[in-house]
């Protein structure tokens, strides 16, 4: 079956909906006008018959019905029916990245910088941002520092006003990337200094998107540090600065995560729906592997986190399975190691709540063994699994061994 057909059935079963229930939900959403479509009333019986064919993969829904299916399941259309852009963009990046570092640096060291040099530098920095999920932290930080040094030298040279602004923006993206990896490595003080430097560059270059991501990092730092009110404040400030950029979606997600941990289900739902609507309006990204691109699959990752915290086990499990599917290519290679680790912890939490200690710890240990880690995030969600295990299986030696591994990681 196509992935979307299997997912429609899985999402429906997780909610204990019949096909008629889903048809009713789609009809209810269809009656609400959007920017693209006026409100309309659907023939529920006709939609139910179509759902039978769609779930069997006989044909795909049209764009209008795709959007209704996604909206009914609280996600975005491209997460259910992703466009195939990645291969084209990766080939383009690989070709452009073929201009070796030595050649680009030589060009940067000239007194006059041309557009081709800036383009090559931009593509190189894009590739570094795409490497975030897979390249070892130490290697990526070192590369980021080297390129920051080269861009700093370029800023000291003779540039036009537009070139100077472009160079500041490129330095800002590098600083954001380096700050993220420093936080992953547990270097909190360094990460915060780097984040502030990126925010300063964003303000000087008058770049709202950069400034939004600097606030998103602040929200992320606060979330993994347990400062949930700080998350909400940073998210709202960042959203005001960059309301029409993809970062606004991630800011809504960080806010939802904070509200979930504060136990406010209504605010979780409002934040997730705001993020869903924002993401639905955005075009499908050219390269979903870039760390500073919010791709549709990432939204499922956010919803998974919220449902896990709220105790919605079936829905959390459904979204975790979807995160793992999206984060693994056809050869079985993981393309989203850190997201997959948190998905496994989610499956572990569900298993522990259902009384299956062996499965719960298996998922938990797989997450700790991940090659590429964001240590603060991994500790936060792993501690949630540990809390469930400690409550349900306080005297089990395997549970105590898992706790020891977490203490070592911490």
* In this structure, is residue 79 assigned to a helix (DSSP H, G or I), surrounded by 14 or more Cβ atoms within 10 Å (Cβ to Cβ) and at pLDDT 90 or above? -> no
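Residue-wise test of (1) in the same structural domain as residue 7 (by TED's automatic domain parsing); (2) under 30 Å from residue 73 (Cα atoms); (3) crowded, with 17+ Cβ neighbours inside 10 Å.
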{"site": "329", "(1), (2), (3)": "no, yes, no"}
{"site": "391", "(1), (2), (3)": "no, no, no"}
{"site": "399", "(1), (2), (3)": "no, no, yes"}
{"site": "404", "(1), (2), (3)": "no, no, no"}
* Asked: Just one of the numbered conditions (1) closer than 25 Å to residue 132 by Cα; (2) touching a helix residue (DSSP H, G or I) at 6+ places or on another chain (Cβ under 7 Å); (3) free of Cβ contacts under 8 Å to residues at least 24 places away in the same chain is not true of residue 337; which one?
  -> (3)
* To do: Return a yes/no flag: does segment 156-174 have any residue that is under 19 Å from the mean Cα position of the chain (by Cα), surrounded by 20 or more Cβ atoms within 10 Å (Cβ to Cβ) and at negative phi.
  => yes
* What helices (runs of 4 or more DSSP H), lying completely within segment 149-256, carry at least 3 residues that are under 25 Å from residue 307 (Cα atoms) and touching a helix residue (DSSP H, G or I) at 6+ places or on another chain (Cβ under 8 Å)? -> 208-224, 228-241
* **Yes/no for residue 210 being buried (at least 17 other Cβ atoms within 10 Å of the Cβ) and either outside the structural domain of residue 410 (by TED's automatic domain parsing) or touching a strand residue (DSSP E or B) at 6+ places or on another chain (Cβ under 9 Å) (or both)** => yes
* Structure fact -> Scanning segment 277-292 residue by residue, those free of Cβ contacts under 8 Å to residues at least 60 places away in the same chain and surrounded by fewer than 21 Cβ atoms within 10 Å (Cβ to Cβ) turn out to be 277, 282, 283
* Give the residues of segment 41-57 that are in a loop (DSSP other than H, G, I, E, B) and surrounded by 11 or more Cβ atoms within 10 Å (Cβ to Cβ), sorted by residue number. => 42, 43, 56, 57
* What number of residues within segment 378-389 are surrounded by fewer than 16 Cβ atoms within 10 Å (Cβ to Cβ) and under 16 Å from residue 343 (Cβ atoms)? -> 0
* Structure fact -> Checked segment 127-142 for anything over 18 Å from residue 287 (Cβ atoms), in contact with a helix residue (DSSP H, G or I) (Cβ under 8 Å, 6 or more places away or on another chain) and surrounded by fewer than 21 Cβ atoms within 10 Å (Cβ to Cβ); matches are 137
* To do: Look at residue 259 and say whether it is part of a helix (DSSP H, G or I), under 26 Å from residue 78 (Cα atoms) and in contact (Cβ under 8 Å) with a residue 60 or more places away in the chain.
  => no
* Select from segment 370-410 the residues that are under 21 Å from the mean Cα position of the chain (by Cα) and assigned to a loop (DSSP other than H, G, I, E, B) and write down the one among them that is modelled with the highest pLDDT. => 374
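Yes/no matrix, rows are residues, columns are (1) modelled with pLDDT of 90 or more; (2) touching a helix residue (DSSP H, G or I) at 6+ places or on another chain (Cβ under 9 Å):
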{"residue": "51", "(1), (2)": "yes, yes"}
{"residue": "55", "(1), (2)": "yes, yes"}
{"residue": "64", "(1), (2)": "no, yes"}
{"residue": "90", "(1), (2)": "no, yes"}
{"residue": "96", "(1), (2)": "no, yes"}
{"residue": "112", "(1), (2)": "no, no"}
{"residue": "122", "(1), (2)": "no, yes"}
* Structure fact -> Only unsatisfied item for residue 274, checking (1) free of Cβ contacts under 8 Å to residues at least 24 places away in the same chain; (2) farther than 25 Å from residue 383 by Cα; (3) out of contact with any helix residue (DSSP H, G or I) (no Cβ under 8 Å at 6 or more places or on another chain), is (3)
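The values are calculated or read from the model by the stated rules, or taken from the named source; none is laboratory data. Predicted model, so just to flag it, every value in this text is computed and none were measured. Because the Cβ atoms are built from the backbone with ideal geometry, glycine has one as well, and the counts that use them run over all protein chains shown.
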